[in-house]
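The values are calculated or read from the model by the stated rules, or taken from the named source; none is laboratory data. All of these numbers come straight from a predicted model, not from anything done at the bench. Every residue, glycine as well, gets a Cβ built from its backbone with ideal geometry; the counts of neighbours run over all protein chains shown.
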């Protein structure tokens, strides 16, 4: 396999690396103005790699993955908004 083939395969699969969990599906992302009456359940720390095998990943992809990870964490805590 050549490096070009590997990079192409990684790029094609990049949107599937982080999956929304069943608990995360019930969590919505809302602006700060809509969380005034919410109860704080905890804090979630999430991270994602900005490059894979020397291939720089796009900001939109990273934002989407971090949002999915945050939703998954909130859902695991019993939350419904982040």
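Here are the numbers for this structure:
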item	result
Filter pass, residue 23 being on the phi > 0 side of the Ramachandran plot and touching a residue at least 40 places away in the same chain (Cβ under 8 Å)	no
Complete set of residues in the stretch 26-51 that are free of Cβ contacts under 8 Å to residues at least 12 places away in the same chain, assigned to a loop (DSSP other than H, G, I, E, B) and more than 17 Å from residue 65 (Cα to Cα)	31, 36, 37, 39, 40, 43
Checking residue 17 against (1) at pLDDT below 80; (2) out of contact with any helix residue (DSSP H, G or I) (no Cβ under 9 Å at 6 or more places or on another chain); (3) surrounded by 10 or more Cβ atoms within 10 Å (Cβ to Cβ), the condition it does not meet	(2)
Any hit, the stretch 30-37, residues being within 14 Å of the chain's Cα centre (by Cα) and either at pLDDT below 95 or exposed (fewer than 10 other Cβ atoms within 10 Å of the Cβ) (or both)	no
Residue 71 vs. criteria modelled with pLDDT of 90 or more and under 15 Å from residue 18 (Cα atoms)	yes
